[in-house]
Structure formats: C-alpha cells, structure tokens
1. I want to verify a result. In a Gaussian network model of chain A, Cα cutoff 10 Å, which of these has the top mean-square fluctuation: A:150, A:116, A:82?
2. Which FRET efficiency value, to the nearest 0.05, is calculated for residue B:25 and residue A:167 with the Förster distance at 41 angstrom and r the Cβ-Cβ distance?
3. Any idea what angle helix A:92-106 forms with the longest principal axis of chain A, computed on alpha-carbon atoms, 0 to 90 degrees, nearest 10?
4. For the residues A:129, B:101, what sequence is obtained by ranking on other C-beta atoms within 10 Å, fewest first?
5. What's the extension gain from residue A:80 to residue A:137 if we count 0.36 nm per residue and subtract their Cα-Cα distance?
6. In nanometres, what is the gap between the two model label sites at residue A:155 and residue B:43, each 7 Å from Cα along Cα-to-Cβ?
7. Pick from A:69, A:81, A:137: which residue has the top mean-square fluctuation in a GNM of chain A where Cα pairs under 10 Å get a spring?
8. Among B:92, A:118, A:170, which comes first, then next, by fewest other beta-carbon atoms within 10 Å?
C-alpha cells in the first residue's frame, strides 16, 4: 500500500546526462589509441567535455617521433586470428598495421597526428603524465604541441571534479 | 509528426529532424536554430549550404570532412554550433542526423 502511494507520488526525473569524459590512455597499440581518440571525439560531437591523460606507453601516441609508427599487436592478440609464431615474424606488425590503416582511411578515420589536431580543435584537453614522462626521460619538446601541460595524477583527478564525470582507463 | 514551424507545415521525425529537405527554408532554419540555442548569422549559412550539398551528393558527413571543406575549420565549426556541431547543424540544415562517430 505504502509502496503504491510512493510510486504514485514519485516525480519523473530525467536521467542525468554525461557531462565530462576523462580518458586515461596507457597503451600505444594503434587499436587502443584509436578507441581512446574516437571516444573523446565522439564525446565532443555530443557536446560532452573530454580530456585525455596520456600515461606510460600511451605517451607514444603524443611523441613527435613515434606518432606515425604506432602498430597493432600481432602477438598475444587472439583477435588477429593468426598463429602466434607467424605473428612474430619480422614485418608482420607493419603488414597488419598497414592493412588496418587502409580500412580506416576508407571510413574517413584520420591518421593519429591529424586526429590529435582534430581533438584539440574540438576543445578536448590533452595532458601528459608527469611520472611517466620522468620514467621515460621525456621532455616537453618531445611531445606534440597539442599537449596542454604535463600534470600529476592528483591534478588529473582535480580536473575530473563535477557531477556526471566519467573516468575510463584504456 | 506534422507540425508548423515559422508558419510552414513541415514533417519531423521523432528526433526533431525534417524528413523532407524540400520543406526547408531560411525561416524554418532560424526557428530550428533557436530551439538548438543557436542564433544564425552570416557565417552559418555557407556551412548549412555545404552540409545540404554533401547530403544531396550522398557523401557521409563527418567532422573531418567539414573541417576540410574550406568553408569552416573544425574550431570554427564548434564555435558556430556549440554543444554538438554536426548533429545540430544537420538539424538546422534540414538533413538527417548523421550516423557518424567521427
């Protein structure tokens, strides 16, 4: 009886919308990098704020020297459907990566460097992890210009404050 | 759903997009823009016309190809249609919502 009354009196509340996506990219395999970028860009396209924290191997995606040389993993990746020994042969990673890049170009998915430019233009904020920078002996000038700053984990959590923020580790 | 926008009888789908581009005119665009919180100025029209022409040529719309159009860059596109430029601009242009992730 009481439950029924409560249900009748309940005001319909609109579900809260996602306001901000905080993505953490820790890997440099090209499929992970694209997943992260497409999620960030897709958020901006929906009017959702987006920020990316590049840490550990994720930093490869924003290093000037590495940006055009990211690969898909052909070993230890069962989704490739090729025998592990074959995947380890010289040139296999490049071959598989080129195949993937061709398919992506058909879908108008930009190369990594151009994608970073698009993200910055869309208002997404890109941060580099201080600890990982120190660990890999990297300097600011090793990174692309679109990186807004080098920050700590604490700084990143600070930026995540506010209602309806979601954090995602890739 | 049939409704009247800016004095014109139009058909909208359930997401509020025009189902027939022939029913579009600049007054309808201005009214749709107001619903999206956008006040149309001189800079908006070339972008809307570009989206319509791409749609007529059946080119799938992406943020990237708008950025390469030579009409507006990506930063400018976000500034003209804040809070979701591709879907808002498409609605104002009277074309279907793009099913694009990029």
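Every read-out reported here was derived from the displayed coordinates using simple, explicitly stated rules and does not represent laboratory data. Remember, it's a predicted structure, so these values are computed and weren't measured experimentally. Positions of Cβ are backbone-derived with ideal geometry, glycine not excepted, and every protein chain shown enters the neighbour counts.
1. Taking springs between Cα atoms under 10 Å, the residue moving most is A:82.
2. Taking R0 as 41 Å, the efficiency between residue B:25 and residue A:167 is 0.35.
3. With rounding to tens, the tilt is 50 degrees.
4. Result, fewest neighbours first: B:101, A:129.
5. 17.2 nm
6. Once both label points are built, they end up 3.0 nm from each other.
7. With Cα springs under 10 Å in chain A, the top fluctuation among A:69, A:81, A:137 is at A:81.
8. A:170, A:118, B:92
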